[in-house]
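> One structure is given below, represented as structure tokens, and several questions about it will come after.
The values are calculated or read from the model by the stated rules, or taken from the named source; none is laboratory data. Predicted, not measured: the structure shown is a model, and the values here were computed from it. Cβ atoms come from the backbone with ideal geometry, glycine included; neighbour counts cover every protein chain shown. Quick note on the areas: whole protein, heavy atoms, side chains included, nothing else; ligands and nucleic acids left out. Shrake-Rupley method; radii C 1.70, N 1.55, O 1.52, S 1.80 Å.
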Amino acid sequence: MQILRTVGELRAWSRVARSQGAAVGLVPTMGALHAGHASLIRAAAASCAHVAVSIFVNPTQFGPNEDYARYPRTFDADCKLAQAEGAEVIFAPAVEELYPTGAATFVEVDGIGDRLDGKSRPGHFRGVATVVAKLLIAAEPDRAFFGQKDAAQVAVLRRMVADMRLGTELVVCPIVRESDGLALSSRNIYLSHDERMQALTLSRAIRRVEALVASDERRAEILLAAAQATFAAEPAVRVDYIALVDWATLEPVAMAVPGSLFAVAAWVGATRLIDNVVIGVERRIIEQLF
Ligand code: AMP
């Protein structure tokens, strides 16, 4: 498996692959790969003859007091996992390669980019949209693979790809969870033993809402209150947001309909975790919805 370090190398690799008439897939990540990332790479390898995995801890999507410096970096293990799942190349640029000295160009997705995580983490989606735009422009993939775990990110990127006519199809893969329900995240390694237990509050709230919807409850106020109550039972966990929104615009909705996104973010100690469920949509058609 090749490790590419420059945008020029990535572009050249992609052009050769596409000149052979084969589909190119891109899986953007920040590394510290786990089974969630593995599922994206597997999905990419299943539908694209050539797959690149990017590993780049993107400084512009971290706030000044966030965990950029201590974000886990496990490059050698990441390369092994990516190769085992079918990646052909790893794109692992230095910061200066994606942000040359004096870089002053950013991508902002108005409205959507300021909702949910964009509201809690000002500038976060500006950083995400900017780096993903750079990756898509360089690799020109036929398809790029993202996790529903970051559903708000998917909404922002869909808008960006449509607005900039980037021509890449976004494929969204279901959330991979631990057996007890916790959504896999590179940040889970920050959790102490006690925090790991407390972190289950997020998936518990999600399941509570799913159960209510299954019993035909659709009113946002009832669903939100049920999730609030779940969090209230675990005071060590501090809610950032609990929201029922339209999956595409991230605007609040009063009634859950198929495709509504129920999303939570919460602090467990110093670690911010997120989780969500797309209401009334079977796992197998989530990809087509986003
Ligand atoms: P990250 O490295 O955290 O930026 O994530 C890279 C990609 O992996 C994003 O598209 C995430 O949504 C996706 N991802 C992260 N965790 C999971 C998970 N538990 N299940 C599915 N996809 C995930």
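> Could you tell me the calculated FRET efficiency between Val95 and Ile137, based on Cβ-Cβ distance and R0 = 25 angstrom, to the nearest 0.05?
Working from the Cβ atoms, E equals 0.90.
> Using a 1.4 Å probe, how large is the accessible area of Glu66, given in Å² and rounded to the nearest 10?
Looks like 70 Å² after rounding.
> Using the heavy atoms of the protein chains and a 1.4 angstrom probe, tell me the accessible area per residue for the chain in square angstrom.
The answer is 45 Å² per residue.
> Next question. In percent, what relative contact order does the range 1-106 have, based on Cα pairs under 8 Å that are 6 or more apart in sequence?
38
> Relative contact order, percent, of the chain when contacts are C-alpha pairs under 8 Å separated by at least 6 residues?
Computed over the chain, the figure is 17 percent.
> Tell me the mean residue ellipticity at 222 nm calculated for the chain from its helices only (DSSP H runs of n ≥ 4, each -39500 (n - 2.57), averaged over every residue, nearest 500).
Taking each H run of at least 4 residues, the total per residue is -11500 deg cm²/dmol.
> Cut-off 10 angstrom, C-alpha nodes, Gaussian network model of the chain. Which of Gln153, Gln20, Gln61 fluctuates the most?
Gln20
> At a 1.4 Å probe radius, carbon and sulfur cover how many percent of the accessible area of the chain?
Carbon and sulfur together cover 51 percent of it.
> Can you classify the range 90-244 as rounded, prolate or oblate using the Cα gyration tensor, where a ≥ b ≥ c are the square roots of its eigenvalues, rounded means a/c under 1.5, and otherwise it's prolate if a/b beats b/c and oblate if not?
prolate
> Pulled fully out, how much extra length does the chain show between Glu169 and Ala225, if you take 0.36 nm times their separation in residues and subtract their Cα-Cα distance?
Length difference between fully extended and current span is 16.5 nm.
> Suppose R0 equals 45 Å; then what is the FRET efficiency for Thr6 and Asp216 from their Cβ-Cβ distance, rounded to the nearest 0.05?
It comes out at approximately 0.25.
> Ok, one more. Based on a Kirkwood Rh over C-alpha pairs, give the Stokes-Einstein translational diffusion coefficient of the range 85-175 at 10 °C and viscosity 1.306 mPa s in µm²/s.
So the translational diffusion coefficient is about 113 µm²/s.
> Could you give the Stokes-Einstein D for the chain in µm² per second, using the C-alpha Kirkwood radius, 20 °C, 1.002 mPa s?
Here the translational diffusion coefficient equals 110 µm²/s.
> Once you order the gyration tensor axes a ≥ b ≥ c over the Cα atoms, which shape class does the range 12-114 get: rounded for a/c under 1.5, otherwise prolate or oblate by comparing a/b with b/c?
prolate
> Sticking with this structure for a sec: For the range 85-105, list residues with backbone N below 17 Å from a point placed 7 Å from the Cα of Gln20 toward its Cβ?
86-90
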